[in-house]
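Heads up, the thing below is written out as structure tokens.
Every number in this text was worked out from the coordinates using simple rules, so none of it is lab data. Not measured: the values here are computed from a predicted model. For neighbour counting, all protein chains shown are included, and Cβ atoms are generated from backbone atoms with ideal geometry for every residue, glycine included.
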There are 2 protein chains.
Amino acid sequence: MDIQSLTRQLHIQNDSKIVMLVADGLGGLPQQPGGLTELETASTPNFDALAKQAVCGSSIPVAPGISPGSGPGHLGLFGYDPIEHLIGRGALEATGIGFELQQGDVAIRCNFCTLDAQGNITDRRAGRIPTEESAPLAEMLRQVKIPDVELFVEPVKEHRFVVVFRGTGPNQGKLGGNVHDTDPQATGVPPLDPVATDPDSEKTVEVAKEFIVQARQLLSDQPKANACTLRGISAKPSLPSYQQVYGLRAAAIAVYPMYKGLAQLAGMDIVGQAKTLDEQMEVLRENWSQYDFFFIHFKYTDSTGEDGNFEAKVKRTEEVDACVPKILELGPDVLIVTGDHSTPSMLSAHSWHPVPTLLWAKHCRPDRCETFGEAECLQGGLGQFEAKYLMSLALANAGKLGKYGA
Amino acid sequence: MDIQSLTRQLHIQNDSKIVMLVADGLGGLPQQPGGLTELETASTPNFDALAKQAVCGSSIPVAPGISPGSGPGHLGLFGYDPIEHLIGRGALEATGIGFELQQGDVAIRCNFCTLDAQGNITDRRAGRIPTEESAPLAEMLRQVKIPDVELFVEPVKEHRFVVVFRGTGPNQGKLGGNVHDTDPQATGVPPLDPVATDPDSEKTVEVAKEFIVQARQLLSDQPKANACTLRGISAKPSLPSYQQVYGLRAAAIAVYPMYKGLAQLAGMDIVGQAKTLDEQMEVLRENWSQYDFFFIHFKYTDSTGEDGNFEAKVKRTEEVDACVPKILELGPDVLIVTGDHSTPSMLSAHSWHPVPTLLWAKHCRPDRCETFGEAECLQGGLGQFEAKYLMSLALANAGKLGKYGA
């Protein structure tokens, strides 16, 4: 169901404020059978106090059993159907390094690779060339010149870099984003030719071929990184904005470029330059009167989970809990605490497990949750719900949705 | 998912009887933090006894966060997707005053308004002219004559009346229902012209223009109500009938025209002329052998909620509870108790909160619900479910659905 088709019709303006506090990868697993999860182990007096008054539940980011990446995880929280609105990998990579994509841009994740004299790939990652060596090479590729295309090349890490094509003059708006990868996922064979999967991307294929040729010339003297492959070729996704679908002036307060970028794709303003959660709280306070909705992103519950460090994830969870009073001081009407997916430290990876979620507001219907944790949330009043419905619930609880039908 | 595409294939006939008892606006909220809802406060020994044996759950009328009107609320309970089958406001208003729409009819909510000498609106509601004055004016508009159109004008209340166009002769079946409102939602400007939003509604626009001209002539001497605006212009919705999608002979036992009308749109027979719940029980008994399905509508749990009267809603809830033994005496195979939405007296309005629901039948799988109330239903075996699935559950429990696939 396209919930945004309803919120688009029904949203109304008022002065209420919504805060969505996202502890990335919040959900977890016990370390041993019968044990507690990271969140259940952590001392979270503020979350627990909220949970007593809030309505709780378990958010399913995409669908049961599906472990989402950061893109679909956040799109779901922002109310966009993460199946319908897939962000291409190139666009996500560009977003993740802070590159601000414009409408019509085509973004590409590139790998440096090693070709032999016959043009066959001997190493798909150019010996995992270190960043100190690969970054200058990526910058050198800015010398590539293609008529009627503005070209951006940005180093990422090791063998990876990002290329963005921006059509100019006759090419403006003419570069489609649907082109197959050129990485054959094998060695001993040459890179694939780029192939368009729709007519609108034929021009992009021409541009990509020209880029590949010039890049090989520029890299011809390199011992390892003497060529490149193109992957995840994709246009900037076209998401309706928060203003359009919810009538919200929305602000994102994040530290990492990836999450700023995702919020920007949804039409949020990126405010402040906070580097710590304390600074994020300061930015929240400074911008309180200017916006209706605040997305606050905290990365370290995910990264500690990815590291497989249970204790560190517990500590990071307690750190997020401690910021709650600073949010409540500002008098939000709706406060949501959730994650974009689970990252159990037992798995050292994103997982499919539902995400403990609480929605605190004046007119929540009480449930029997007394603390904030995975098992407790199972008896919550939100039940198990698809993440994409969180925004309509937030709007309703903020008095920002009119009645549907007479 | 179109559940009716499955029930349509799978329904089978037997002698079992289903009763759906709808306490309008049943769900509520506590008056103060930590308190109980109206339903939880009410003494409902009969509901509680049913809940012990029944399967319980929380019904989501349309989607999380969406507060439905009576139209979508009931369509969901009747198993029609309330997004796909929206009843236009004109059709709902006509239905609400007991006008029996026919296929091809176009129904319009009209407002009397006041125009100045320049034709600009000075009052969009003609000074909220009292019904005693407006009703004779609406009846006067029956003098409008339009070739090949049968015209119906029915007073509603104060400045409101309903007009129905029914095409005859060459216009039969030619009047589309997709025309913009003529109410500009502002004063100091003239009413808008009616504009068709599809080619099939061009003829309706011609008819509407002619109606407006003749109405202004007839009303020209009126000090306040000297013109009218047209809103919610809509065709009779085309719902497949209960007989088609469920194989049910269905009867509606309601007091208010709106709910009789909604049931009629779903192809139910409207039986009896009960004015009280006791009389509704009498009508149920009298018609027991004639039908497979009975929709019983009780209005006052909603109206007391709308009035913000917690105590009165509690009392009305107890009144519905007291009718349960009279239903059970008749030996139903399936008894459902639910509401079309929540109407918490704290909000004095329809709300988005899920609706406590019980389904009592011989082969319910037991859950742990011991009483009937919002918090208790959260641990019920139906979980949180979309209202549109209630009918397939009812049919299954009545032994009226065959197996899907081999």
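For the stretch A:15-137, how big is Rg over Rh, using alpha carbon atoms and the Kirkwood form of Rh?
My calculation puts Rg/Rh at 1.11.
For the stretch B:93-235, build the charge dipole from Cβ charges (+1 Lys, Arg; -1 Asp, Glu) around the Cα centre, then report which of B:Val179, B:Val213, B:Ala227 sits farthest towards its positive end.
The residue sitting most towards the positive pole is B:Ala227.
Starting from the Cα coordinates of the stretch A:93-235, work out the convex hull volume and express it per residue in Å³.
94 Å³
Please report, in Å, the Rg and the Dmax of the stretch B:303-406, where both are computed over Cα atoms only.
Over the stretch B:303-406's Cα set, Rg and Dmax evaluate to 15.6, 53 Å.
Helix-only estimate, please: 222 nm mean residue ellipticity of chain B, summing -39500 (n - 2.57) across DSSP H runs of length 4 or more and dividing by its residues, to the nearest 500.
-9000 deg cm²/dmol
Nm distances between the label at A:Gln53 and the same-position labels in the remaining copies, 7 Å along Cα→Cβ, shortest first?
Relative to the other copies, A:Gln53 has label-point distances of 4.3 nm.
Let me know the charge dipole size of the stretch A:93-235 about its Cα centre in debye, to the nearest 20, where only the beta-carbon of Lys, Arg (+1) and Asp, Glu (-1) is charged.
That gives the stretch A:93-235 a dipole magnitude of about 200 debye.
Just counting partner chain Cβ atoms within 10 Å, what average do the residues of peptide A:377-389 show around their Cβ?
The shielding value for this peptide is 3.
Among the DSSP beta bridges whose two residues both lie in the protein assembly as shown, what percent are antiparallel, rounded to the nearest 5?
Rounded to the nearest five, the antiparallel share is 60 percent.
Pick from A:Ala227, A:Ala138, A:Ala49 the residue whose mean-square fluctuation is largest in a GNM of chain A, springs joining Cα atoms under 10 Å.
In this elastic network of chain A, the residue with the biggest mean-square fluctuation among A:Ala227, A:Ala138, A:Ala49 is A:Ala49.
Considering only the label points, 7 Å along Cα→Cβ from Cα, what distances in nm to one decimal separate A:Ala322 from the same position in each other copy, shortest first?
6.0
Give the aspartates and glutamates reachable from A:Lys260 as a straight Cα distance under 13 Å; neighbours fewer than 8 places away on the same chain don't count.
A:Glu93, A:Glu100, A:Asp269
Compute the relative contact order of the stretch B:320-406 as a whole-number percentage, counting only Cα pairs closer than 8 Å that sit 6 or more residues apart in sequence.
This gives 24 percent for the stretch B:320-406.
Do any trypsin sites (Lys or Arg not before Pro) in the stretch B:298-406 lie in a loop, going by DSSP, with at most 14 other beta-carbon atoms within 10 Å of their beta carbon, and if so which?
Hits after loop and neighbour filter: B:Lys362, B:Arg368, B:Lys403.
Cross-link candidates for A:Lys313: which aspartates and glutamates have Cα within less than 13 Å, leaving aside residues fewer than 8 places away along the same chain?
Counting by Cα, and skipping residues close in sequence, A:Lys313 has these aspartates and glutamates nearby: A:Asp24, A:Glu38, A:Glu40, A:Asp302, A:Asp321.
So for the stretch A:93-235, averaging the separation of alpha carbon pairs under 8 Å that are six or more residues apart and normalising by length, what relative contact order in percent results?
32 percent
Take chain B, connect every pair of alpha-carbon atoms lying under 10 Å apart with a spring to form a Gaussian network, then pick out the residue of B:Lys275, B:Lys260, B:Lys17 with the largest mean-square fluctuation.
B:Lys275
Which helices, taking whole DSSP H runs in chain A, have alpha carbons extending 20 angstrom or more along the helix axis plus mean Kyte-Doolittle at least -0.5?
Within chain A the helices that satisfy the rule are A:202-219.
Placing +1 on the Cβ of each Lys and Arg and -1 on the Cβ of each Asp and Glu in chain B, which of B:Pro170, B:Val355, B:Pro72 has its Cα farthest towards the positive end of the resulting dipole?
B:Pro170
Can you tally the net charge around A:Val179? Count Lys and Arg as +1, Asp and Glu as -1, for every other residue whose Cβ sits under 14 Å from the Cβ of A:Val179.
-3
Toward the positive end of the charge dipole of the protein assembly as shown, about the Cα centre and with charges on Cβ (Lys, Arg +1; Asp, Glu -1), which of B:Ser345, B:Pro194, A:Phe295 goes farthest?
Going by the charge dipole, the pick is B:Pro194.
Where both residues lie in chain A, what percent of DSSP beta bridges are antiparallel, nearest 5?
65 percent
Given the pairs A:Lys299/A:Lys362; A:Lys17/A:Lys157; A:Lys388/B:Lys362; A:Lys145/A:Lys299; B:Lys315/B:Lys400; B:Lys157/B:Lys209, which are separated by over 32 angstrom at their Cα positions?
A:Lys17/A:Lys157; A:Lys388/B:Lys362; A:Lys145/A:Lys299; B:Lys315/B:Lys400
Taking the label point 7 Å from Cα in the Cβ direction, how far apart in nm is A:Gly65 from each other copy of itself, listed shortest first?
So the label point of A:Gly65 gives 2.8 nm to the other copies.
Which order do peptides A:165-178, B:285-298 fall in by mean Cβ count within 10 Å, highest first?
Averaged packing, sorted descending, gives the order B:285-298, A:165-178.
Could you list which residues have their amide H under 5 Å from that of A:Lys236, counting only those 5 or more apart in sequence or on another chain, with H placed in the peptide plane?
For A:Lys236, whose amide H was placed from the backbone, the distant partners under 5 Å are A:Gly104, A:Asp105, A:Ala107.
Could you name the aspartates and glutamates whose alpha carbon sits less than 12 Å from that of B:Lys203, not counting residues in the same chain fewer than 8 places away?
Excluding near neighbours in sequence, the set is B:Asp148.
Debye sum, Cα scatterers, chain B, no solvent: what log₁₀ I/I(0) at q = 0.06, 0.08, 0.11 1/Å?
After summing over all Cα pairs, the log10 values are -0.27, -0.48, -0.84.
Mind putting a number on the dipole of chain A about its Cα centre? Charges go on the C-beta only, +1 for Lys and Arg and -1 for Asp and Glu, and I need it in Debye to the nearest 20.
520 debye
With +1 on each Lys and Arg Cβ and -1 on each Asp and Glu Cβ, and nothing else charged, work out how big the dipole of the protein assembly as shown is about its Cα centre, in Debye to the nearest 20.
Approximately 800 debye in magnitude.
For chain B, what is the relative contact order in percent, using Cα pairs closer than 8 Å and at least 6 residues apart in sequence?
The normalised contact order for chain B reaches 33 percent.
From other protein chains only, count the Cβ atoms within 10 Å of every residue's Cβ in B:66-73, then give the mean.
The shielding value for this peptide is 5.
Based on the alpha-carbon gyration tensor of the protein assembly as shown, what equivalent-ellipsoid semi-axes (square roots of 5 times the eigenvalues) come out, in whole Å, largest first?
54, 35, 26
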